[in-house]
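See structure below.
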Amino acid sequence: MSENKKKLTSASGIPYYNNEDTQSVGPRGPLLLQDFILHEKMAHFNRERIPERVVHAKGSGAFGTFTVTHDITKYTRAKIFSEVGKQTRMLARFSTVGGEKGSADTERDPRGFALKFYTEDGNWDLVGNNTPIFFIKDPKKFGDFIHTQKRDPYTNLKSATMKFDFWSLNPESLHQIMFLFSDRGTPYGFRHMHGFSSHTFSLINANNERHWVKFHFKTAQGIRNFSDEKATEMKGLDPDFAQRDLVEAIDRGEFPKWNVKIQVMTEEQARTYQYNPFDLTKVWFHGDFPLIDIGVMELNENPKNFFATVEQSAFAPAHVVDGIHFSPDKMLQGRILSYPDAQRYRLGGNYEQLPVNRCPYATNNYQRDGLMRLDENGGGNPNYFPNSFDDIVHDPAYKQPSWDLDSNVADWYDRNAEGENDHYSQPGIFYRKVLDEQGKKNLVSNFAGAMKGIDGPKKDEIINRMLCHFFRADIGFGMAIAQALGINPEAAMPKQHTTTAQEVPAK
Ligand code: NDP
């Protein structure tokens, strides 16, 4: 055999010859237990699947580069932004949310927009969506909400009744579902959509000053969406449309790009802004907080192996790096806990040592051992702190500035607090100001089409509750949906309705 050829080996490196026939007692006889290659092949095959992500199970990813185009060092000391022209390697994973791993890419669903930047100060994960907002603003509702996007426990079918029941009982969902049922709820693959940090984060500069920030990733390919009909058709024609579109574009050398921008709010402005700036169901108006250019993200390298890279990639909003920090956004606070927890369940406690998740720079700490420890496990260095032997320093340069926070602790949420329960103004503005005439028509027909799937004994109650929210956002919008559903709009309109931005009472 030529020196250059690779020998067939077992997983433990033992060369073997026959990869097709199992040892047997004579040509027709039963198989021999001693053919361990058979056991190895079958046993490994049985273990090929890992738990799929409970949300964002179906996804696609690629490596790329983030390039700084504008100086924002007055806001942040994060090394990734240290100078114009600086490039940082990164990974992006896009996904649908509710579907299982084999589900169709063109489902009406938000799209995950998860990014990992391999910075000198560690891996920074920014885990957002293609929408600037979300369905809920408190993480205690997260599991309940996601259950409504999954399968009915009895029929094992997706259920419009579950979805609209939940949304009608959670007025704060209205803004997000208006994005979801607009044309942008069925994007044409992953290259033609924007991304958002969605959450508010903070930027910390060299003087330890804090500004609140939202990140925006504007597609340079232009927005492109499937119509509702085309998206439905594509589920059958090519359920993997978005994966195919991304991998083939990069293979052709058409590297998708996003222009990266931020909105910045001072701590003082946050105290007086008309909305809670940490409420994930609200945007910061561009007129109040204009977009500031910071850089360009380009995806230019397809992963060599999908499972090793995209399936095993693990993102966590907990992973912020020096110069970038959290905010009191309740959903962010919940995700700081739940994302690493989900990765530990899915990939194990040493998931950050998998090549795609590993920090390319040195990591030094006292965590040791555990299932599938892949690195040198700290070698012979001390595994406890404090100790008299190692030279790992705790650099005070990385100290975070303190936060001024309210001091009372409450286990309830005051839904009537000022700035907390206007769930209708921004959806109303979205309908009147952002959507063009065709966009409005599509929104109405997409909602009506989906709401026709509501059934069961609570059908009228759920539809009426939903219509009340639409009316409160905009009377014309509510009327149009009622009409599309064949309901007399006068009968459906809330009796107490007076304004387009009415507040709902606390539940
Ligand atoms: P502007 O009126 O200044 O801008 C409208 C924004 O909406 C632009 O970012 C535009 O993005 C985006 N947009 C345009 N068409 C659609 C669409 N069909 N579906 C979703 N987004 C679209 O925004 P304001 O800040 O004054 O906010 C007004 C309303 O716009 C908000 O209530 C919110 O509903 C919506 N919005 C606001 C965003 C924000 O971060 N402030 C972001 C997105 C929407 P582009 O043209 O780049 O595609």
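The values are calculated or read from the model by the stated rules, or taken from the named source; none is laboratory data. Bear in mind the structure is a predicted one, so any value in this text is a computation, not a measurement. Positions of Cβ are backbone-derived with ideal geometry, glycine not excepted, and every protein chain shown enters the neighbour counts. Just the protein is used for accessible areas: all its heavy atoms, side chains included, with ligands, DNA and RNA removed. Shrake-Rupley method; radii C 1.70, N 1.55, O 1.52, S 1.80 Å.
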Checklist outcome for this item: Projecting the Cα atoms of PRO187, ASN19, ASN383 onto the charge dipole of the chain, where Lys and Arg contribute +1 and Asp and Glu -1 at Cβ, the residue farthest towards the positive end is ASN19
Checklist outcome for this item: Under the Karplus relation with 6.51, -1.76 and 1.60 and θ = phi - 60°, whole-Hz ³J(HN,Hα) for region 170-176, x at Gly and Pro, equal 10, x, 5, 6, 4, 4, 5
Checklist entry - Over its Cα atoms, what ratio of radius of gyration to 2.2 N^0.38 Å does region 25-95 give? => result 2.28
Next on the checklist: What FRET efficiency comes out for ASP369 versus ARG432 if R0 is 60 angstrom and r is the Cβ-Cβ distance? Round to the nearest 0.05.
Outcome noted: 0.55
Checklist entry - With every protein chain left in place, what is the accessible area per residue of region 1-48 in square angstrom, probe 1.4 Å? => result 95
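Take each of the peptides 393-401, 36-44, average the number of other beta-carbon atoms within 10 Å over its residues, and list them starting from the highest. If you can, show how the numbers build up before the last one.
Values: 393-401: 9.0, 36-44: 13.3.
Highest mean packing first, the order is 36-44, 393-401.
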Checklist outcome for this item: Phi angles of region 298-306, converted by Karplus (6.51 cos²θ - 1.76 cosθ + 1.60, θ = phi - 60°) into ³J(HN,Hα) in whole Hz with x for Gly and Pro, give 10, 9, 9, 8, 6, x, 5, 9, 4
Next on the checklist: Can you tell me the length gained on complete extension of the stretch ALA397 to ILE475, counting 0.36 nm per residue apart and subtracting the Cα distance?
Outcome noted: 22.6 nm
Next on the checklist: Per 0.36 nm of contour for each residue apart, how much would the distance between ASP404 and PHE385 grow if the chain were fully extended, relative to their Cα-Cα spacing?
Outcome noted: 3.8 nm
Next on the checklist: Counting only helical runs of four or more DSSP H residues, what would the 222 nm mean residue ellipticity of the chain come to if each run contributes -39,500 (n - 2.57) and the total is spread over all its residues?
Outcome noted: -7500 deg cm²/dmol
Checklist entry - Which of the aspartates and glutamates could a cross-linker bridge to LYS140, judged by Cα under 15 Å and excluding same-chain residues fewer than eight apart? => result GLU172, ASP279, ASP329, ASP411, ASP414
Checklist outcome for this item: Applied in sequence order to region 13-18, the curve 6.51 cos²θ - 1.76 cosθ + 1.60 (Karplus, θ = phi - 60°) yields integer Hz couplings, x standing for Gly and Pro, of x, 8, x, 9, 9, 9
Checklist entry - For the chain, what's the radius of gyration and Dmax over Cα atoms, in angstrom? => result 25.9, 89
Checklist entry - log₁₀ I(q)/I(0) of region 1-48 at q = 0.14, 0.20, 0.30, 0.32 Å⁻¹, via Debye over equal Cα point scatterers, no solvent, to two decimals? => result -0.44, -0.78, -1.17, -1.23
Item to check | Reduced Cα scattering model of region 317-376, Debye log10 I(q)/I(0), q = 0.25, 0.27, 0.28 Å⁻¹ | outcome: -1.17, -1.22, -1.25
Checklist entry - In debye to the nearest 20, how big a dipole does region 443-482 give about its Cα centre with +1 on each Lys and Arg Cβ and -1 on each Asp and Glu Cβ? => result 40
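Note the full-extension length gain between ALA206 and LEU157 as 0.36 nm times their separation in residues minus their Cα-Cα distance, in nm to one decimal.
12.3 nm
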Checklist outcome for this item: Expressed in angstrom and ordered largest first, the alpha-carbon extents of region 425-503 along the principal axes are 37, 29, 18
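Let's see if you can work this out: charge +1 on each Lys and Arg Cβ, -1 on each Asp and Glu Cβ, no other charges. What is the dipole magnitude of the chain about its Cα centre, in debye to the nearest 20? The partial results should precede the final answer.
Values: 61 positive and 65 negative charges, 171 e Å.
Here the chain has a charge dipole of around 820 debye.
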Next on the checklist: Placing +1 on the Cβ of each Lys and Arg and -1 on the Cβ of each Asp and Glu in region 361-492, which of ASN365, GLY428, GLN438 has its Cα farthest towards the positive end of the resulting dipole?
Outcome noted: GLN438
Next on the checklist: Suppose R0 equals 41 Å. What FRET efficiency, 1/(1 + (r/R0)^6) with r the Cβ-Cβ distance, do HIS39 and ARG358 give to the nearest 0.05?
Outcome noted: 0.85
Next on the checklist: Below 21 Å, Cα to Cα, which lysines can LYS433 reach? Residues fewer than 8 away in the same chain don't count.
Outcome noted: LYS218, LYS282, LYS441
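Step through the table entries LYS257/LYS330; LYS86/LYS257; LYS141/LYS163; LYS101/LYS459, compare each Cα-Cα distance with 20 Å, and write down the pairs that go over it. Before the final figure, lay out each step's value.
On the way: LYS257/LYS330 31 Å; LYS86/LYS257 16 Å; LYS141/LYS163 13 Å; LYS101/LYS459 31 Å.
Check vs 20 Å cut-off fails for LYS257/LYS330; LYS101/LYS459.
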Checklist entry - Roughly how many Å² is the accessible area per residue of region 83-164, as a whole number, for a 1.4 Å probe? => result 36
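Return a whole-number percent for the relative contact order of the chain, with Cα pairs under 8 Å and 6 or more residues apart as the contact set. List each step's numbers first, then the result.
Numbers: 871 pairs, mean separation 81.6, N = 507.
After rounding, I find 16 percent.
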Checklist entry - What spacing in nm lies between the two simple spin-label points modelled at ASN464 and ALA11, each 7 Å away from Cα in the Cβ direction? => result 6.0
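Determine the share of region 425-503's accessible area contributed by carbon and sulfur atoms, expressed in whole percent, with a 1.4 angstrom probe.
Carbon-and-sulfur percentage of accessible area, whole number: 53.
Taking the Cα centre as origin and putting +1 on Lys and Arg beta-carbons and -1 on Asp and Glu beta-carbons, what dipole magnitude results for region 1-48, to the nearest 20 debye? Each step should come with its number before you reach the end.
Numbers: 6 positive and 6 negative charges, 15 e Å.
With only Lys, Arg, Asp and Glu charged at Cβ, the dipole is about 80 debye.
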Checklist entry - Which of the DSSP-defined H helices in the chain satisfy a minimum axial length of 20 Å, computed from C-alpha atoms, and a minimum mean Kyte-Doolittle hydropathy of -0.5? => result 437-451, 459-473
Checklist entry - How much of the accessible area of region 1-101, in percent, comes from carbon and sulfur atoms when a 1.4 Å probe is used? => result 55
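Provide the FRET efficiency to the nearest 0.05 for the PHE306-VAL54 pair, computing r from the beta carbons and using R0 = 22 Å. Provide the component values of the computation, followed by the final result.
Working: r = 20 Å, r/R0 = 0.90.
Efficiency, rounded to the nearest 0.05: 0.65.
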